[in-house]
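K.L.:
If you scroll down you'll find the structure; I have some questions about it.
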Amino acid sequence: MRFRFSRLAVAGVAALALFAASAPATATATGGPKPTIVLVHGAWADSSSWAPVIERLRRDGYPVRAIADPLQGLTSDTAYVTSYLSTIDGPKVLVGHSYGGAVITNAATKVTGVKSLVYIAGFIPVAGETIGELAAKSSTPLPLIATQVPAGTEVVIDPAQFPAAFAGDLDRTTAADLATTQRPANTKAVTDASVAEGFRTIPSWALIPRQDRAISPDVQRFMTGRAGARTTEVDGSHAVLLSRPDVVTKLIEQAAR
């Protein structure tokens with residue numbers, strides 16, 4: 001089934017994602033509060049990409065936060081996300097899409113209360129490894145366009161090739177809108193080395209889209225295997241959080257329980 005946003009829906013959920021005051025936590029089957037689900041987007045996306053997942057999680061009674069990842073480098077992005085995580089009381093489940101997976105891997109050990117990690121088509125680096133090294137394992141490089149900015153170099157996916165590379169299972173208009181509104185990522189996102197391995201001490205889950213052309217499924221299998229993540233595969237593109245939100249939500253809720 002194809003998913004398509006209206007512009008009003010995108011704007012409304014973007015506001016929810018950015019300011020997301022968590023709904024009151026409801027009790028789990030064991031009597032404790034449900035953990036806060038913290039969603040971290042990846043490169044060439046923003047918090048609104050979690051819109052259909054946010055809707056489903058909130059409907060199921062989970063408090064949700066979607067943190068805007070600055071995409072300025074793994075070191076600084078980890079520090080930024082960590083600062084927001086430290087303001088969230090109680091148990092937390094961290095969910096990272098794509099590059100966001102590397103961010104939660106590093107941030108998870110810097111705050112208390114993280115109960116599980118969930119990787120949605122996500123990078124899972126080990127200490128000393130860069131996203132660039134992992135991305136180079138994919139057989140087909142992404143068609144990137146670079147722009148020099150005051151903070152260095154930022155890259156976007158060539159808008160003409162974005163649908164095929166990132167969102168092959170979304171309708172044409174939605175994919176084109178995502179290509180137009182994609183957020184640039186600083187090259188430090190791929191050159192900063194990872195320093196922590198949250199998955200070593202925190203249970204992890206992973207979802208691998210079999211038609212992912214941004215991160216090769218074989219590379220994802222390599223990462224999830226060495227991380228020991230409980231892994232599910234599904235037909236879908238890199239934009240699986242938009243095209244298969246029911247599957248993504250189900251996995252997150254498994255991790256939350």
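K.L.:
Sort out which residues of segment 100-115 are open to solvent by 10 Å² or more (accessible area, probe 1.4 Å), not in a strand (DSSP E or B) and not aliphatic (A, V, I, L, M), and write them in order of number.
P.N.:
THR109, LYS110, THR112, GLY113
K.L.:
Now, a different point. Which of the residues belonging to segment 226-257 are part of a helix (DSSP H, G or I) and in contact with a Ser or Thr (Cβ under 8 Å, 6 or more places away or on another chain)?
P.N.:
ALA227, LEU241, LEU242, SER243, VAL247, LEU251, ALA255, ALA256
K.L.:
Does ALA176 satisfy being within 22 Å of PRO217 (Cα to Cα) and either touching a strand residue (DSSP E or B) at 6+ places or on another chain (Cβ under 8 Å) or not acidic (Asp, Glu) (or both)? I'd like the intermediate steps shown before the answer.
P.N.:
Numbers: within 22 Å of PRO217 (Cα to Cα): no; either touching a strand residue (DSSP E or B) at 6+ places or on another chain (Cβ under 8 Å) or not acidic (Asp, Glu) (or both): yes.
Judged against the criteria, ALA176 is not a match.
K.L.:
For segment 56-98, name all the residues that are open to solvent by 10 Å² or more (accessible area, probe 1.4 Å), among the acidic types (Asp, Glu) and in contact (Cβ under 8 Å) with a residue 60 or more places away in the chain.
P.N.:
ASP60
K.L.:
What residue, of PRO184, PRO143, PRO150, PRO163, is of a type outside the set (D, E, K, R), over 29 Å from ARG200 (Cα atoms), in contact with a Lys or Arg (Cβ under 8 Å, 6 or more places away or on another chain) and open to solvent by 10 Å² or more (accessible area, probe 1.4 Å)?
P.N.:
Just a single option satisfies the conditions, and that option is PRO163.
K.L.:
Give me a count of the residues in segment 121-137 that are part of a loop (DSSP other than H, G, I, E, B) and open to solvent by less than 20 Å² (accessible area, probe 1.4 Å). I'd like the intermediate steps shown before the answer.
P.N.:
Step one: filter segment 121-137 for residues part of a loop (DSSP other than H, G, I, E, B), giving 121-129, 136-137.
Next, from what is left, pick out any that are open to solvent by less than 20 Å² (accessible area, probe 1.4 Å): 121-125.
So the count comes out to 5.
K.L.:
Count, please, the residues in segment 190-220 that happen to be under 29 Å from PRO143 (Cα atoms), open to solvent by 60 Å² or more (accessible area, probe 1.4 Å) and either of a type in the set (S, T, N, Q) or in a strand (DSSP E or B) (or both).
P.N.:
2
The values are calculated or read from the model by the stated rules, or taken from the named source; none is laboratory data. Quick caveat, the model's predicted, so the values are computed rather than measured. Cβ atoms come from the backbone with ideal geometry, glycine included; neighbour counts cover every protein chain shown. We work out accessible area using only protein heavy atoms, side chains counted, and drop any ligands, DNA or RNA first. Shrake-Rupley method; radii C 1.70, N 1.55, O 1.52, S 1.80 Å.
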